[in-house]
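These notes concern the structure reproduced below.
The values are calculated or read from the model by the stated rules, or taken from the named source; none is laboratory data. Everything numeric here is computed off the predicted structure, so don't read it as measured data. Methodologically, a virtual Cβ is constructed for each residue, glycine included, from the backbone with ideal geometry; neighbour enumeration extends over all protein chains shown.
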Amino acid sequence: MVSFFSMVWSSVGKKIMTGLTGVGLCLFIIGHLAGNFSLLVSAEAFNLYTYKLFSLGGLLYVIEALLTLAFVLHAIVGISIYLKKRKARPIDYIKVANAGGNSHKSISSVSMIWTGLILLVFLVLHLKTFKFGPYYETSINGIIMRDLYRLVIEVYQQPSYVISYTVIMILLGVHLRHGFWSAFQSLGVNHPRYSPVIYGFGIFFALVMAAGFILIPIWIYFTKQ
Amino acid sequence: MARGIMEKKNMTLHLRVWRQKNASAKGKMVDYTVNDVSQDMSFLELLDVLNENLIKKGEDPVEFDNDCREGICGMCSMVINGIAHGPEKGTATCQLHMRKFKDGDTITVEPWRGTAFPPIKDLVVDRSAFDQIMAAGGYTSCRVGAAADANAILVPKDMAEKAMDAAACIGCGACVAACPNGSASLFVAAKVTQFAFLPQGHAERKQRVLNMVHKMDELGFGDCSNHGECEAVCPKEISIKHIAVMRREYFKAAIS
């Protein structure tokens, strides 16, 4: 009988893991962006939103643990696919061309490992800047809570942060452009009726996510001086 | 004599061909020029002309795989200008005609490249890894006497057509050659799907998909990244939807 590990770590098992964690991470960034939009409303709106998130207590730890697992698995599988590719074709073609036609090969699809690694490094720095960054306090309706709004505004007053964040969010869009539809294909969802819709929506999704995340620091930089 | 619009001008073509004496030798690109190439020639006939010239000069001809030369055997295998089987969609190298090229063009010709397809000589690689994958499950066990009557097992028409779409695979290996990761997913998916859609293949479908996928992994093919380059170069235009079917089959086999 085939062992569980050999199934999970087979070429198909790895795709299913990448697809599942990818879908989970897509849902996470949708939630993250929706939450971030409260920054555009007011300091109270954003601080109350983060306060409610922190008040989830145990549930928040479960969500954070699942997210960490998803990020780690997604990264490990992605790196393993890249390393296996290097072993599977140690000598490359002298002339490399794209076949075109029905191919989905693009700058996005061939750069997944690099955009992914950059996003992974960014994730660590992003957590360091905000989640584990300076702790300011504020009081709303008599409740003492973390003033994360102040930190966000402070950080995005600095052009270096705004520019690097913008570049990385463009790379997020590039990653999602192949990643979104690819997650469906990896999970075995391919149908002549729905696949073109999923593929088209993937491009739209990548654009909306990148543009949405970029909009916020730029808005802060130009309106909160 | 009226020649008129049917007249086709012969071409001079420059070839850059991968030459490698044997499996362990270091290969390199060698430049050749072939004159008087008819536009009606196939790419293999162009190589025939090149080889005749080389033999006349006392040089070693360029070794390349070929057999039926009518697009059904899957033997001819070369990467032409960076594309497996060349620029013509849905055809094997043998059915690529020289009218696709222009007078004076330089054409790069390389073998399939990948750990699972080790080189033998020049453009010939060892594709027996595909045979090993087939031996791992690409069949239906039949322990009874003669073949059953053709109409004894009824197959719904749409299922027969779906199975036939997959069974069109000629096992040429272009999918592996074109895949940036060197994955054999399209080949294995075509073989798995062809049986999964037919009642004859139903009994062993779970063991088949597990065995064939694991054999593919073991032989040093890469993992799939859904680039879809395989579908674009496949001479039988087999869709990557079969890869999705293989993944569903694998998942069902894994959980039951």
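Of the residues making up region B:224-239, none is over 30 Å from A:K95 (Cβ atoms) and more than 7 Å from chain A (Cβ to nearest Cβ).
Here A:S6 fulfils each of the conditions (1) modelled with pLDDT under 95; (2) in a helix (DSSP H, G or I); (3) away from every other protein chain (no Cβ under 14 Å) apart from (3). Does B:K28 fit the bill of being over 20 Å from B:P111 (Cα atoms), basic (K, R) and free of Cβ contacts under 8 Å to residues at least 60 places away in the same chain? For B:K28, the condition - over 20 Å from B:P111 (Cα atoms), basic (K, R) and free of Cβ contacts under 8 Å to residues at least 60 places away in the same chain - is not met.
Quick grid of which residues meet (1) more than 14 Å from the chain's Cα centre (by Cα); (2) part of a helix (DSSP H, G or I); (3) exposed (fewer than 13 other Cβ atoms within 10 Å of the Cβ):
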{"position": "A:V2", "(1), (2), (3)": "yes, no, no"}
{"position": "A:G24", "(1), (2), (3)": "no, yes, no"}
{"position": "A:I29", "(1), (2), (3)": "no, yes, no"}
{"position": "A:G35", "(1), (2), (3)": "yes, yes, no"}
{"position": "A:L56", "(1), (2), (3)": "yes, no, yes"}
{"position": "A:A65", "(1), (2), (3)": "yes, yes, yes"}
{"position": "A:I76", "(1), (2), (3)": "yes, yes, no"}
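Look at B:I133 and say whether it is in contact with a helix residue (DSSP H, G or I) (Cβ under 8 Å, 6 or more places away or on another chain), surrounded by fewer than 19 Cβ atoms within 10 Å (Cβ to Cβ) and among the hydrophobic types (A, V, I, L, M, F, W, C). Judged against the criteria, B:I133 is not a match. Looking at region A:104-111, is at least one residue surrounded by fewer than 14 Cβ atoms within 10 Å (Cβ to Cβ), under 17 Å from B:D223 (Cα atoms) and within 14 Å of another protein chain (Cβ to nearest Cβ)? Looking for residues that are surrounded by fewer than 14 Cβ atoms within 10 Å (Cβ to Cβ), under 17 Å from B:D223 (Cα atoms) and within 14 Å of another protein chain (Cβ to nearest Cβ), one finds none in region A:104-111, hence no.
For region A:65-82, indicate whether the set of residues that are on the phi < 0 side of the Ramachandran plot, within 14 Å of chain B (Cβ to nearest Cβ), out of contact with any Lys or Arg (no Cβ under 8 Å at 6 or more places or on another chain) and without any contact (Cβ under 8 Å) to a residue 12 or more places away in the chain is non-empty. Within region A:65-82, one or more residues are on the phi < 0 side of the Ramachandran plot, within 14 Å of chain B (Cβ to nearest Cβ), out of contact with any Lys or Arg (no Cβ under 8 Å at 6 or more places or on another chain) and without any contact (Cβ under 8 Å) to a residue 12 or more places away in the chain. When B:D65 is tested against (1) in a loop (DSSP other than H, G, I, E, B); (2) touching a helix residue (DSSP H, G or I) at 6+ places or on another chain (Cβ under 9 Å), exactly one condition is not met: (2). Here A:A99, A:A45 are screened, and the one residue that is small (G, A, S) and assigned to a helix (DSSP H, G or I) is A:A45. For first residues located in region A:159-181 and of a type in the set (A, V, I, L, M, F, W, C), partners that are at pLDDT 95 or above and not in a helix (DSSP H, G or I) and lie 6+ apart or on another chain with Cβ distances below 8 Å form the pairs A:V162/A:Y156; A:V174/A:S111; A:W181/A:H104; A:W181/B:N226. Residues in region B:68-99 that are outside any loop (DSSP other than H, G, I, E, B) and either within 14 Å of chain A (Cβ to nearest Cβ) or in contact with a Leu (Cβ under 7 Å, 6 or more places away or on another chain) (or both): B:V79, B:I80, B:I83, B:A84, B:T93, B:C94, B:M98.
Remark: pairs (first residue in region B:150-166, assigned by TED's automatic domain parsing to the domain that holds B:I238; second residue of a type in the set (V, I, T); Cβ separation under 6 Å; 6+ apart in sequence or on different chains) = B:A166/B:T193.
Scanning region B:155-168 finds one or more residues that are within 12 Å of another protein chain (Cβ to nearest Cβ), in a helix (DSSP H, G or I) and charged (D, E, K, R).
Could you count how many residues in region B:67-102 are on the phi > 0 side of the Ramachandran plot and of a type in the set (K, R)? Residues meeting the conditions: 1. When region A:175-201 is limited to residues that are crowded, with 22+ Cβ neighbours inside 10 Å and among the aliphatic types (A, V, I, L, M), the one that is nearest to the chain's Cα centre (by Cα) turns out to be A:L176.
Scanning region B:123-132 turns up at least one residue that is part of a helix (DSSP H, G or I), small (G, A, S), within 30 Å of B:K28 (Cβ to Cβ) and modelled with pLDDT of 95 or more.
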